[in-house]
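See below for the structure under consideration.
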């Protein structure tokens, strides 16, 4: 098929949209390790998790054999309001780079949450509503997840309580206002409304909060309120399941035009986007049907894959969540405050961690300034101002395309453009003013994080 | 065709996108009056306008007989990066309202400028580049136009100098940073860099600026710099020509599914979106082929159509621009600072003014609080957080749909959703906090504006 016949944007028809989510675990030989009770170190089952999570979501979390979960009609109808998302041929970027590579990106930013987070938010809110719950609680850092969940809850008429890391609450008032416009209550964390919040405030009166602390507050609130459960926007396997809609649409769009990617690239914080994007392709690789290169891109300031350990670890600061076996820097690891945007989580989704451990996926860490250079170039030629998170993938897509220029290879590169940077202009301003700095943790910084890892017999790292 | 067969979002294929812009004036019996030299009151011709505007754009501005202008390939390729924009069936809004009406909206917000402004920005930048110019100057208020022009100039490698109304420059730093990210220089207006700016600063040292003043500074800068011209994002007929792409796509999408609208609704500030949206439909009406209702929606605080005069007036405060015959509140009219977002221009595009004067179009003025109520309802059910400007159209679309509920009529309503509100969260915050106020100018307020109208023999109002 000639270059001209492939449109700038490939949109699927509504009847070509996925009708099921794909559960990559079903095709994995080495399954991700189970969640463990943080106190007893026993694997956690359905009943153990019910006080915290919605019933159906626990079933999805624990099921590592069912390959496809049908997407309920109500969720598919919601998806139709902003999906299918376009798979864009980056003709202008290719021309700018003068590369023989063909570059595509799956753009998930064309919705008010500004990112792919909405794909899982509507699913989680739906199952909560279906269970007859009154509301859900969650945490948010940069604000994408909180915005997405607020939108989903407003649509379904569900109450939504968001604990927003205090520093973001103060520095990102616009994110906060979007959530309020959608009817969510937004509480800066740590707060006086929870026991764990009060304890942290007593110990660290001036603290500006952390994601780990906000998680602990949200979990405590959900378990104390009648008719509430806690929901989470990344890291969990259920989230990766819902996000598989990204990869399934990408694959359907590529198949429609007979395009086979060589390399698939995604940014990685907790792993929800990367896992969703690569899922069906990784499935083919696991089943021996076709080989692909997968590249996870993480910030050099929070390098869970490239410098972390594969070990059981706490998911939150308050240690109220189960232990998960994952690539982690340790729940004590504090990413540099200098780092803009998300991708600051200490751990990584267990499925992706297992795949990386098994050598099925590559990972690279990139520095912040080079990420924003890529973001600006992309914005100028492709017209979309990307989120800092997404720009990690842009950076490596450009690097791979430049390698093709050297070798003359006409590789097909697909990357995930997870969202837009409209609420990240403080970071762009720093970049525009030449004030952006890079930060790479020292071995000592890392060791402090590793020192906090729990000891789980049989799973020493 | 049954309800279910019409998708949530109708996307045209790339090969169904318009190849020409449509010039509504060609089908008008009563042509809009010519631009006049503000000093001599003589009609301005091609040569008169060349010091200020790009050559090809003057040709487009003055041509009221050619029905179609082919869209150059370079512009069509740029359009393909964010167009065709979706025509969305508002199923969820219909359900919420329990109306028998069928509601569609043409959504122009899915690009980084956040609005339809990009459609004309790329055209104007293209013709400037094609003429061998170095750069362009412009003004921006709320920031959509400045952002759009910065994006277009970055794409084409053209310098872009934006004069941003000082109050916006200070209160909307994020808009400013997007423009800077795209490489534009952004100067708060009034500034010390122009004669007109220095004069205004001397007379009003504490002024926070105005659109009219920023226009004057941008025009002065363009005429003083070698290889620069001035460009404008609304009001002019050339802008309406470029924006006809909105209406042409809308019509093609409706035709594809055999849908015939009864009412077409657009918000109106300078008229670029409304004019573009209705153009091909109004053409049918003018040619006697089919009848439609058209409703222009303006803010009650700046009611150019509903309470203005149809008269020749200045386009800017500094009176450096030509006179245009239009519906106007007078260039001295100061819209309430309380009003959020755009739609604050004292005048109106001359084509739309003539059509309204000839009774071919209706207009309504709506108050701010009711606009934000509509915006919030829309955001919750349709998932998109709308721009305050666009929400004027939402308000009246909902009102029309509710009338259908009373009468039982299954009317088809189409409205223009011009953009997103991601940079308008200060206004949303006011609304969320219950601090938003309505404002309607008194007869005395209006008279002050009318007192400043120039006297043009034969065109007394």
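Worth a mention:
- Among strands (runs of 3 or more DSSP E) entirely within the stretch A:216-331, having at least 3 residues that are touching a strand residue (DSSP E or B) at 6+ places or on another chain (Cβ under 9 Å) and within 26 Å of residue A:366 (Cβ to Cβ) singles out A:263-267, A:293-299, A:309-314, A:323-328.
- Scanning the stretch B:222-241 for residues that are surrounded by 24 or more Cβ atoms within 10 Å (Cβ to Cβ) and over 22 Å from residue B:346 (Cα atoms) yields one hit, B:229.
- Residue within the stretch B:70-77 that is more than 13 Å from chain A (Cβ to nearest Cβ), over 28 Å from residue B:135 (Cα atoms) and in contact with a helix residue (DSSP H, G or I) (Cβ under 9 Å, 6 or more places away or on another chain) present: no
Condition check ((1) farther than 18 Å from residue B:242 by Cα; (2) more than 13 Å from the chain's Cα centre (by Cα); (3) surrounded by fewer than 24 Cβ atoms within 10 Å (Cβ to Cβ)) across all residues:
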| position | (1), (2), (3) |
| --- | --- |
| B:105 | yes, yes, no |
| B:108 | no, no, no |
| B:120 | no, no, no |
| B:128 | no, yes, no |
| B:139 | yes, yes, no |
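- Residue B:288 surrounded by fewer than 24 Cβ atoms within 10 Å (Cβ to Cβ), without any contact (Cβ under 8 Å) to a residue 60 or more places away in the chain and over 30 Å from residue A:81 (Cβ atoms): yes
- Checking residue B:340 against (1) without any contact (Cβ under 8 Å) to a residue 40 or more places away in the chain; (2) part of a loop (DSSP other than H, G, I, E, B), the condition it does not meet: (1)
- Count of the stretch A:413-438 residues which are touching a strand residue (DSSP E or B) at 6+ places or on another chain (Cβ under 6 Å) and under 10 Å from residue A:390 (Cβ atoms): 6
- Any hit, the stretch A:29-45, residues being modelled with pLDDT of 95 or more and in a helix (DSSP H, G or I): no
- Options A:419, A:347; residue that is within 19 Å of residue B:174 (Cα to Cα), touching a helix residue (DSSP H, G or I) at 6+ places or on another chain (Cβ under 8 Å), in contact (Cβ under 8 Å) with a residue 60 or more places away in the chain and away from chain B (no Cβ under 11 Å): A:419
- Residue within the stretch A:428-438 that is in a loop (DSSP other than H, G, I, E, B) and away from chain B (no Cβ under 14 Å) present: yes
- For the condition surrounded by 18 or more Cβ atoms within 10 Å (Cβ to Cβ), on the phi > 0 side of the Ramachandran plot, over 21 Å from the mean Cα position of the chain (by Cα) and not in a strand (DSSP E or B), residue A:209 does not qualify.
- Filter result for the condition that a residue is surrounded by 14 or more Cβ atoms within 10 Å (Cβ to Cβ) and under 14 Å from residue A:237 (Cβ atoms), over A:49, A:41: A:49
- Hits in the stretch B:1-37 - residues which are over 23 Å from residue B:251 (Cβ atoms) and crowded, with 19+ Cβ neighbours inside 10 Å: B:33, B:35, B:36
For (1) closer than 22 Å to residue A:211 by Cβ; (2) without any contact (Cβ under 8 Å) to a residue 40 or more places away in the chain, each residue gets a yes or a no:
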residue	(1), (2)
A:124	yes, no
A:127	no, no
A:131	no, no
A:134	no, no
A:148	yes, no
A:167	yes, no
A:172	yes, no
A:179	yes, yes
A:183	no, yes
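- Residues of the stretch A:85-110 that turn out to be touching a strand residue (DSSP E or B) at 6+ places or on another chain (Cβ under 9 Å) and either part of a helix (DSSP H, G or I) or within 14 Å of chain B (Cβ to nearest Cβ) (or both), as a count: 17
- Any hit, the stretch B:151-159, residues being outside the structural domain of residue B:318 (by TED's automatic domain parsing), in a helix (DSSP H, G or I), at pLDDT 90 or above and farther than 30 Å from residue A:93 by Cα: no
- In the stretch B:183-202, the residue that is surrounded by the fewest Cβ atoms within 10 Å (Cβ to Cβ) out of those that are touching a strand residue (DSSP E or B) at 6+ places or on another chain (Cβ under 8 Å), part of a loop (DSSP other than H, G, I, E, B) and away from chain A (no Cβ under 14 Å) is B:193.
- In the stretch B:161-182, the qualifying residues are those that are away from every other protein chain (no Cβ under 12 Å) and over 18 Å from residue B:344 (Cα atoms), and the one that is surrounded by the most Cβ atoms within 10 Å (Cβ to Cβ) is B:162.
- Each residue in the stretch A:60-84 was checked for being closer than 30 Å to residue B:95 by Cα and assigned to a strand (DSSP E or B), and 2 pass.
- Qualifying residue in the stretch A:362-376 (condition: in a loop (DSSP other than H, G, I, E, B), surrounded by fewer than 24 Cβ atoms within 10 Å (Cβ to Cβ) and assigned by TED's automatic domain parsing to the domain that holds residue A:90): yes
- Selection count where residues are part of a loop (DSSP other than H, G, I, E, B) and away from chain A (no Cβ under 14 Å), scope the stretch B:387-416: 4
- Remark: pairs (first residue in the stretch B:441-461, within 20 Å of residue B:324 (Cβ to Cβ); second residue assigned to a helix (DSSP H, G or I); Cβ separation under 7 Å; 6+ apart in sequence or on different chains) = B:446/B:307.
The values are calculated or read from the model by the stated rules, or taken from the named source; none is laboratory data. Small disclaimer: the values here were computed from a predicted structure and weren't measured. Don't worry about glycine lacking a Cβ; one is built from the backbone with ideal geometry, like all the others, and counts go over all protein chains shown.
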